[in-house]
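The values are calculated or read from the model by the stated rules, or taken from the named source; none is laboratory data. On a predicted model such as this, the values are computed, not experimentally measured, just so you know. Cβ placement follows ideal geometry from the backbone for every residue including glycine, while neighbour counts extend to all protein chains displayed. Ligands, DNA and RNA are stripped out before the accessible areas are found, and what is left, the full protein with its side chains, is counted by its heavy atoms. Shrake-Rupley method; radii C 1.70, N 1.55, O 1.52, S 1.80 Å.
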Amino acid sequence: MEDDMAVDANNEKRVLCEKIIRDINAVFLKDADLASFEIIPKETNCNKSPVVHVEHNLGLESWCAQHVYDHAHRTLISHRRQTSQQQLRTLQQQQQSDALAKYLNVALLINPDVTTFWHIRRQLVQKNRLSINKELQFSALVLSIKPKSNEAFAYRRWLYSFQSADAIDWPNEISICERSADRCASNYHAWSHRHWVLRSGPCLLQSELMRTEKFLRKHISDYSCYHYRQVLLGRAYELCFCMPSGEAQPQLGSLLELLAEYGLPCEPNTEALIQLMLPHMNRSTVSVQRLRSFLYCCNVAAYDMRLCKEQRALYGPRDCFELHRRAALKFIVEQCVRLQTELTATMDNSLQLDKFDYGKHPFLEAVRQAESALGGKHQRWCNLHLNFGYPVAEATWRD
């Protein structure tokens, strides 16, 4: 008797789970613009559908989430336990592959960290049972509830391998990364995906510099963004990036302010700046575009140094402010040394810094003197990374 009751209860649960999964699938079929998914906290069944669909937003009440996931999980695992030929037949039949996708949708929305389920989706895409555009939308939906899902980001990169770079909406991809990072601090997977976009997409440097500044001002302690901005700066210099020549002369106000702080006022023109910062450069070996990019990137670095100072004044000392300021300072010093010693991009900067005589360089000597006032800890860092050669007695362990 008890066994019969248990069987009946299991059957009822199975029927209920199937109904909920059908309701979720109906929303997918009805709304092609779903933007987010959430598990809605609710502990009891109120005798109505636990699937909530409001203005392109999908929700599932929490009381049934585990039951629905378990049911979908069992169904999908039973598919994986079939022989290769049986799995192939399932994937080749439209009706059965649609049913499989229905369970995959539910399982991955609730728990997107199961690699096996993403692999089944890849098989369905390869058999043309799922479209790439809809899969991109689905993975974005997964990221709306699990912003740190490495599987979802990896799946997006895999999908893009079937498309040409010109067909990809790169700004939208950046927006997805930014929303994920905004919802979850220190989101390594979102920032790693953004690095991939930066390497793979067209030149997004100017817009990315603007967007990352806004992000830094909002998330003051998220060092992932600071590091990404450092990569942006290095990428800009590597590509000889600067403001388009059709625009006005590049704005160099931040760099001029930095020079004034170091006690080196300068005329607001590019020739005077180059003469002050690169007095021993061989002009015949450096292109005009490289010099324009040098000034542009140094101005960005100087702006970031000022930004860190402002953030420190507003929010107090934080490691991320100090680390990013040092990275910007290191960039300016290294590029000045590089251009005056004809150091190639593939050579080790540290080897050349060991031989560089800062005393013969007015700008770098002024930097060296000014930075010494920031304490023993900073002096040790400068000795280690910039070879400023502060006396050991001066660079004590006291800040």
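Centre-to-centre separation between the Cα atoms of region 316-338 and those of region 142-188: 29 Å.
Computed from point charges on the beta carbon alone (+1 for Lys and Arg, -1 for Asp and Glu), the dipole magnitude for the chain about its Cα centre is near 580 Debye.
Ligands, DNA and RNA left out, the accessible area of region 203-399 computed with a 1.4 Å probe is 55% carbon and sulfur. Using C-alpha pairs below 8 Å separated by at least 6 residues, the relative contact order for the chain is 9 percent. With a 1.4 Å probe rolled over the protein heavy atoms of all chains, the accessible area of S192, S186, S254, S84 falls in the order S84, S186, S192, S254, largest first. Think of a 1.4 Å ball rolled over the protein heavy atoms: region 203-399 then has 50 Å² of accessible area per residue. Pairwise Cα distances in region 165-313 exceed 23 Å for 44 percent of all pairs. Axis of helix 223-238 versus longest Cα principal axis of the chain: the two differ by about 60°, to the nearest ten degrees. Eigenvalues of the alpha-carbon gyration tensor of the chain, scaled by 5 and square-rooted, set the equivalent ellipsoid semi-axes at 56, 23, 18 angstrom, largest first. Taking the charge dipole of the chain about its Cα centre, with +1 at Lys and Arg Cβ atoms and -1 at Asp and Glu Cβ atoms, the residue from A35, H73, V333 reaching farthest to the positive side is H73.
Computed packing ranks the peptides 142-155, 26-39 as 142-155, 26-39, most packed first, by mean other Cβ atoms within 10 Å.
In plain terms, the chain from A272 to R157 could stretch by 36.8 nm, reckoned as 0.36 nm per residue minus the Cα-Cα distance. Stretching the chain fully between I77 and K19 yields a gain of 18.9 nm (0.36 nm per residue, less the alpha carbon separation).
Of the listed pairs K146/K309; K13/K102; K309/K330, which have alpha-carbon separations greater than 23 Å here? Those over the limit are K146/K309.
Compactness ratio for region 203-399: Cα radius of gyration over 2.2 N^0.38 Å (N = residue count) comes to 1.01.
Atom-type composition of the exposed protein surface of region 41-191 places 46 percent of the accessible area on carbon and sulfur (1.4 angstrom probe). Just need log10 I(q)/I(0) for region 53-139 at q = 0.13, 0.16, 0.18, 0.23 Å⁻¹, Debye formula, equal scatterers on the alpha-carbon atoms, no solvent, rounded to two decimals. For the requested q values the scattering log ratios are -0.43, -0.65, -0.81, -1.23.
Summing Cβ point charges (Lys, Arg +1; Asp, Glu -1) relative to the Cα centre of region 203-399 gives a dipole of roughly 380 debye.
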